[in-house]
Structures are given as C-alpha cells and as structure tokens.
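**Student:** Below you'll find the structure I mean.
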Amino acid sequence: MIFVTSYTPEEKGNLVRFYESFDQERRCCGLPPMKREAIEKWLEELNEKGYGFISKKGEEIIGHIAVVPKNSEAEFVVFIHRNYEDRGIGKKLIEFAEKFLKEMGIKKLVAVTEATNRRAIITYSHLGFSVVGRDSFYIYFEKIIDFS
Ligand SMILES: CC(C)(COP(=O)(O)OP(=O)(O)OC[C@H]1O[C@@H](n2cnc3c(N)ncnc32)[C@H](O)[C@@H]1OP(=O)(O)O)[C@@H](O)C(=O)NCCC(=O)NCCS
C-alpha cells in the first residue's frame, strides 16, 4: 500500500538514501544534490525553512515534496522514484501539500522546472498551474489556491 505522510527528522536517513539513489539524468534544476553531505545539508535547509511530505510503500520512501512558504506564497520541489513514475504519486503529493498550505492560509503555489521536463510540465498543468514565465532553460508556474 502506498501512502502519504509528513516528513519527520526520524526519516532523514531513509530520505537521504532515496536521494542518493536518484538517477542523475532525472535531476531537475540541479536538484537533488549529488553527494551525500550536500543532500543532507539541502534537506536540513528545506526542513528549517518549510515542510516536507513523503510517499511511502512500506518502509521505503518512493516520493518526496518539500514546500517553502514565504509570506502568502509557497514554492515546492517534488521527486518520485523512477520505478513509481506515472502512477499519480507526484500529483497526490502536490495535492496533499496544497491542502496543508491552504489550511495555513497560503494563497499561491509556485514552481519552476526545466523547459525540457515534459512530465513535470504536464503534471503541473493538469493540476491547474499556469505558466507565468519562461526563458531558454526554465518554465515558471503558479497556481492561485481556491478559497471559494
Ligand atoms: C515530474 C514528477 C514529479 C511527476 O511525478 P509522477 O508521479 O510521475 O506524475 P503523475 O503520475 O502524478 O502524473 C504524470 C502526468 O504526466 C503524464 N505523462 C507521463 N509520462 C509522460 C510523457 N513521457 N510525456 C508526457 N506526459 C507524460 C501522465 O499522463 C500524467 O498525466 P495525467 O494523469 O494527468 O494524464 C516525476 O516524474 C519526477 O520525479 N521526475 C523527476 C524529477 C522532477 O522532474 N521533478 C519535478 C521538477 S523539480
């Protein structure tokens, strides 16, 4: 059974292992970092600045989303294990985080992805995100959270 839950520091070793085994060619915007020390530092920073949610199958982490709120907006990054792509897990994690942020009063979600990242672009678009900017390398998305 696959489920989504909050990330807690007890899961740090498990999450570091998830990112250590993440394929280099599936990295996005330079993330996740490649070396163990850099992954640990990145996760600590994300945890200090915001919140994380993980998708687990038994004890194994198969997906992670980190959200960083700033004023009334929140930015996120999301990563799914290659063996579990295209099963709706990325969408589920983003929806879970959105619900949490909405309860905090966050009004807008923002994300950036590489212009060649077709899967991320489709995932965000299907979740109601709009393209608000683009350059040669990146596409910038946002979604106004519906409070009606
Ligand atoms: C991008 C990512 C988070 C998406 O997660 P996921 O669990 O695979 O996505 P989901 O299964 O929830 O949804 C995938 C959507 O893309 C579509 N899709 C899948 N493969 C596709 C392809 N090759 N081309 C176009 N669309 C594709 C699916 O049909 C699905 O859309 P729909 O169900 O709304 O019709 C995941 O692939 C990932 O971790 N990629 C590597 C890291 C990354 O790019 N992170 C995001 C940017 S920081």
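The values are calculated or read from the model by the stated rules, or taken from the named source; none is laboratory data. Computed from a predicted model, the values in this text were never measured in an experiment. A quick note on method: Cβ atoms are made from the backbone with ideal geometry, for glycine too, and the neighbour counts reach across all protein chains shown.
**Student:** Being surrounded by 15 or more Cβ atoms within 10 Å (Cβ to Cβ) and either out of contact with any Lys or Arg (no Cβ under 6 Å at 6 or more places or on another chain) or without any contact (Cβ under 8 Å) to a residue 12 or more places away in the chain (or both): is that true of Glu114 here?
**Tutor:** Values: surrounded by 15 or more Cβ atoms within 10 Å (Cβ to Cβ): yes; either out of contact with any Lys or Arg (no Cβ under 6 Å at 6 or more places or on another chain) or without any contact (Cβ under 8 Å) to a residue 12 or more places away in the chain (or both): yes.
In short, yes.
**Student:** In this structure, does Val67 turn out to be over 18 Å from Ser21 (Cβ atoms) and touching a helix residue (DSSP H, G or I) at 6+ places or on another chain (Cβ under 8 Å)?
**Tutor:** Numbers: over 18 Å from Ser21 (Cβ atoms): yes; touching a helix residue (DSSP H, G or I) at 6+ places or on another chain (Cβ under 8 Å): yes.
In short, yes.
**Student:** What number of residues within the stretch 19-42 satisfy the criterion of being more than 19 Å from Val68 (Cβ to Cβ) and out of contact with any Pro (no Cβ under 6 Å at 6 or more places or on another chain)? Don't jump to the end; show me each part of the working.
**Tutor:** Here is the first cut: in the stretch 19-42, the residues more than 19 Å from Val68 (Cβ to Cβ) are 20-26, 34-37.
From what is left, the residues that are out of contact with any Pro (no Cβ under 6 Å at 6 or more places or on another chain) are 20-21, 23-26, 34-37.
So the count comes out to 10.
**Student:** If you don't mind, there's one more thing I want to ask. If we keep just the residues of the stretch 58-72 that are more than 8 Å from the ligand (Cβ to nearest atom) and closer than 19 Å to Asn47 by Cβ, which is farthest from the chain's Cα centre (by Cα)? Give the steps one after another, and end with the answer.
**Tutor:** Start the filter on the stretch 58-72 by keeping residues that are more than 8 Å from the ligand (Cβ to nearest atom), which leaves 58-62, 64-72.
With the extra rule that they be closer than 19 Å to Asn47 by Cβ, the set shrinks to 61, 64-70.
On the way: Ile61: 13, His64: 6, Ile65: 3, Ala66: 5, Val67: 7, Val68: 10, Pro69: 13, Lys70: 16 Å.
Ranking the qualifying residues of the stretch 58-72, first place goes to Lys70.
**Student:** Just one of Ile122, Ile106, Ile145 is modelled with pLDDT of 95 or more, of a type in the set (A, V, I, L, M, F, W, C) and out of contact with any strand residue (DSSP E or B) (no Cβ under 8 Å at 6 or more places or on another chain); which is it? I'd like the intermediate steps shown before the answer.
**Tutor:** Working: Ile106 fails: out of contact with any strand residue (DSSP E or B) (no Cβ under 8 Å at 6 or more places or on another chain); Ile145 fails: out of contact with any strand residue (DSSP E or B) (no Cβ under 8 Å at 6 or more places or on another chain).
One residue alone meets the criteria, Ile122.
**Student:** Please work out if Ile94 is without any contact (Cβ under 8 Å) to a residue 60 or more places away in the chain, among the β-branched types (Val, Ile, Thr), surrounded by 11 or more Cβ atoms within 10 Å (Cβ to Cβ) and within 12 Å of the ligand (Cβ to nearest atom).
**Tutor:** Numbers: without any contact (Cβ under 8 Å) to a residue 60 or more places away in the chain: yes; among the β-branched types (Val, Ile, Thr): yes; surrounded by 11 or more Cβ atoms within 10 Å (Cβ to Cβ): yes; within 12 Å of the ligand (Cβ to nearest atom): yes.
Yes: the conditions hold for Ile94.
**Student:** Shifting gears a bit: What is the residue count in the stretch 1-39 for residues that are surrounded by 17 or more Cβ atoms within 10 Å (Cβ to Cβ) and over 16 Å from Val77 (Cβ atoms)?
**Tutor:** Total meeting the criteria: 1.
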